[in-house]
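Enquirer: Quick one: the structure is below, questions incoming.
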Amino acid sequence: MYATFDYKKITTVAVITLLLAGSVYGTFGYKESRFGSVSLTDALGNWAGQQVLYLSYALKRGGSNLFASAFSSLDGTAETYSSRTARALPVLVYHSIGQEGEYSISEDQFAAQMEALYDAGWRTITLGQFEAFMNQGQPLPERSFLLTFDDGAKESYYPVDPVLSVLGYNAVSFILPKYSIGGGTHYYLSSGEIEAMLESGRWEIGSHGQDSHEFAALDETGVQGAKLANRIWLNEEGRIETKEEFGNRVRNDLETSKHNLKNEFNSEIDFFAFPFGEFGQLSHDFTEAVRNDIEDITRSIYKMAFYQTWEGEGFSFNYPRSDKAAFMIKRVEPKPSTTPEELVQKLENGLPKDLPYSDDISVDKGWFSTWGKANLSDDVLKMKAKENETGVAAVLDGSGDWQNYRIQMTIQSNSNSGFVVLVRYQDNQNFAGCNFGNGFIHAEDTVDGNRRVINGVRDPAILIPTDQTLTVEAIVNGRNIECRLLDYTVGTEFLDEALTDGGVGIKVWDETVGVADLDVLQVSVESL
């Protein structure tokens, strides 16, 4: 069922032996306690298929740990190739491993991705290590990452555990107790299967909600949305639930799932993954209020909450902050089309970069678009607005913990449009910048989405030259920011105190759609 490795033929005899051995365990009582409500045929198929993968993958990796991998557990630790200490950590999330689809990748693709990460020096960590790094300053080696799976599906365990076993990796499964506690289903793991996961020493579990992993009507028209992240429509009463009802429902769901998992598996459940990655940011109504309510409730029950991010939503790694505890944790989900090499490169690009930093744009070092689409081509970061958009923005991944620095950019404007050199960029709602436009220069900051011009100068002589290279400069040091263009300098000592660190980027904009057009030729950043 799960055997797709090239080494299947090598293990044919072993498989037959394992199937015969499996028949010894195939009594009805054992099947019910270990595999739940699935048929005996499916239970044996899942088990035997997993044994094939243990053996075949161990052979593929060299065979020296064949029997250790197939019949015993590793402790989830492995030597690391990195002598450097991590400054930020990525979290990967997968759903099911099997047939390639919108939320699943093939078994071979997953194994190849993990093998590529291992060979590049990446090593998994536990939830406890992750939380201690983010909130207590516990040091970890660079290239450490947290590997997570959502939903507690059989296809996120049976094809995965053999890979973890051979590589010495460990992982986290966020479980839906509504479906898994007891006999499970054909799709979801049973209690017995989760017990086996935990006993291996390679797996930990967290909560994925009780009744919230589903959609519900959000208004009288029947518009559907994530149940946990929205106030839902009460059809019998002909109204949307109140803010108080919403809060009580969310709290009850999160507390119930934690209680049920803790009691069933005698395990502390301190970590939560939002169903569908939604926590109110896409809410049908009162987005900010709903988001704040959800976060406050979740924070009162769990140590950390995990959500998915998509390209353009910020840095790929999670950075610890000295001013507040880390709670909302972003995760990156590899796509079915992501090659092993691309996944390794994405994580390598996300590694925190050192200062001084220099980039001639000859290779991709991690520039990602936060608005529109920036493209790296012919040693140029090309930023051209689409026909229906007014601008483009790009940020350098791995620059998220930079603090005091000077950035110089060599650019060429192809449209006479204004542009912003971004500094202290934390996410799309929190950053500072030097806004250069025809007739003005502004020192600005944006906190929680609220933009503020702190200081500026207006002069009709300030013009953005077209079709010629230009070097611009931005300096941030403490709460000071300076913006320099041609012979003009604009500064302020009143940068918002929340923006103590953050990365660099650039945005080009124009009032007319499809016009903004700028090339970035060189970037250099030095520490102050």
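Enquirer: Any residue that is over 19 Å from residue 512 (Cα atoms), among the aromatic types (Phe, Trp, Tyr), out of contact with any Phe, Trp or Tyr (no Cβ under 7 Å at 6 or more places or on another chain) and in the same structural domain as residue 521 (by TED's automatic domain parsing) - is there at least one of those in segment 401-408?
Expert: yes
Enquirer: Any idea which of (1) without any contact (Cβ under 8 Å) to a residue 12 or more places away in the chain; (2) over 30 Å from residue 107 (Cα atoms) is the one residue 357 doesn't satisfy?
Expert: It fails just one condition, (1).
Enquirer: Just checking, does segment 457-473 include any residue being small (Gly, Ala, Ser), assigned to a strand (DSSP E or B) and either under 29 Å from residue 353 (Cβ atoms) or not assigned by TED's automatic domain parsing to the domain that holds residue 316 (or both)? So that I can check it myself, show each step before the final result.
Expert: At the first step, the residues of segment 457-473 found to be small (Gly, Ala, Ser) are 461.
Subsequent filtering for residues that are assigned to a strand (DSSP E or B) retains none.
Among the residues of segment 457-473, not one is small (Gly, Ala, Ser), assigned to a strand (DSSP E or B) and either under 29 Å from residue 353 (Cβ atoms) or not assigned by TED's automatic domain parsing to the domain that holds residue 316 (or both), which makes the answer no.
Enquirer: What is the residue count in segment 175-207 for residues that are over 29 Å from residue 123 (Cα atoms) and β-branched (Val, Ile, Thr)?
Expert: 2
Enquirer: Being assigned to a loop (DSSP other than H, G, I, E, B) and within 17 Å of residue 292 (Cβ to Cβ) is the filter; apply it to segment 212-240 and report the residue that is farthest from the chain's Cα centre (by Cα).
Expert: Step by step, filter segment 212-240, then rank; the result is 231.
Enquirer: Identify all residues within segment 422-459 that are polar (S, T, N, Q) and surrounded by 14 or more Cβ atoms within 10 Å (Cβ to Cβ); write none if there are none. Reasoning before the result, please.
Expert: Of segment 422-459, the ones polar (S, T, N, Q) are 426, 428-430, 435, 438, 446, 450, 455.
Within segment 422-459, 426, 428, 430, 435, 446, 455 qualify.
Enquirer: Name every residue in segment 498-518 that is over 11 Å from residue 389 (Cβ atoms) and of a type in the set (D, E, K, R), in order of residue number.
Expert: 501, 507, 511, 517
Enquirer: Mind counting the residues in segment 492-528 that are more than 17 Å from residue 419 (Cα to Cα), in contact (Cβ under 8 Å) with a residue 40 or more places away in the chain and surrounded by fewer than 19 Cβ atoms within 10 Å (Cβ to Cβ)?
Expert: Residues flagged as more than 17 Å from residue 419 (Cα to Cα), in contact (Cβ under 8 Å) with a residue 40 or more places away in the chain and surrounded by fewer than 19 Cβ atoms within 10 Å (Cβ to Cβ) within segment 492-528 amount to 8.
Enquirer: Hey, another quick one. Would you mind finding the one in 376, 343, 381 that is buried (at least 16 other Cβ atoms within 10 Å of the Cβ), in contact (Cβ under 8 Å) with a residue 12 or more places away in the chain and not assigned by TED's automatic domain parsing to the domain that holds residue 523?
Expert: 343
Enquirer: Could you please find all residues in segment 424-447 being closer than 21 Å to residue 478 by Cβ and free of Cβ contacts under 8 Å to residues at least 60 places away in the same chain?
Expert: Residues satisfying the conditions are 434, 435, 441, 442, 443, 444, 445, 446, 447.
Enquirer: Give me a count of the residues in segment 312-338 that are hydroxyl-bearing (Ser, Thr, Tyr) and either at pLDDT below 95 or not assigned by TED's automatic domain parsing to the domain that holds residue 102 (or both).
Expert: 3
Enquirer: Residue check, residue 363 against (1) surrounded by 18 or more Cβ atoms within 10 Å (Cβ to Cβ); (2) not assigned by TED's automatic domain parsing to the domain that holds residue 138, all met but one. Which one?
Expert: (1)
Enquirer: Residues that are over 25 Å from the mean Cα position of the chain (by Cα): list the strands (runs of 3 or more DSSP E) wholly contained in segment 342-428 that include at least 2 such residues.
Expert: Result: 357-359, 380-384, 405-413, 418-427.
Enquirer: Among the residues of segment 429-452, which ones are over 16 Å from residue 508 (Cβ atoms) and within 32 Å of the chain's Cα centre (by Cα)? First the steps, then the outcome.
Expert: Our first condition is that a residue be over 16 Å from residue 508 (Cβ atoms); within segment 429-452, this holds for 429-430, 432, 439, 443, 445-452.
If the condition is that a residue be over 16 Å from residue 508 (Cβ atoms) and within 32 Å of the chain's Cα centre (by Cα), then 429, 430, 432, 443, 445, 446, 447, 448, 449, 450, 451, 452 are the ones that fit.
Enquirer: Given (1) modelled with pLDDT under 95; (2) of a type in the set (D, E, K, R); (3) part of a loop (DSSP other than H, G, I, E, B), identify the lone condition not met by residue 108.
Expert: Every condition holds for residue 108 apart from (3).
Enquirer: If only one of 360, 401, 378 is of a type outside the set (A, V, I, L, M) and modelled with pLDDT under 95, which one is it?
Expert: Within the list 360, 401, 378, the selection yields 378.
Enquirer: Just to verify a result, which residue in segment 89-104, among those that are among the hydrophobic types (A, V, I, L, M, F, W, C) and touching a helix residue (DSSP H, G or I) at 6+ places or on another chain (Cβ under 8 Å), is surrounded by the most Cβ atoms within 10 Å (Cβ to Cβ)?
Expert: The qualifying residue surrounded by the most Cβ atoms within 10 Å (Cβ to Cβ) is 97.
The values are calculated or read from the model by the stated rules, or taken from the named source; none is laboratory data. What you see is a predicted model; the values in this text were computed from it and never measured. Backbone-built Cβ (ideal geometry, glycine too); neighbour counts: all protein chains shown.
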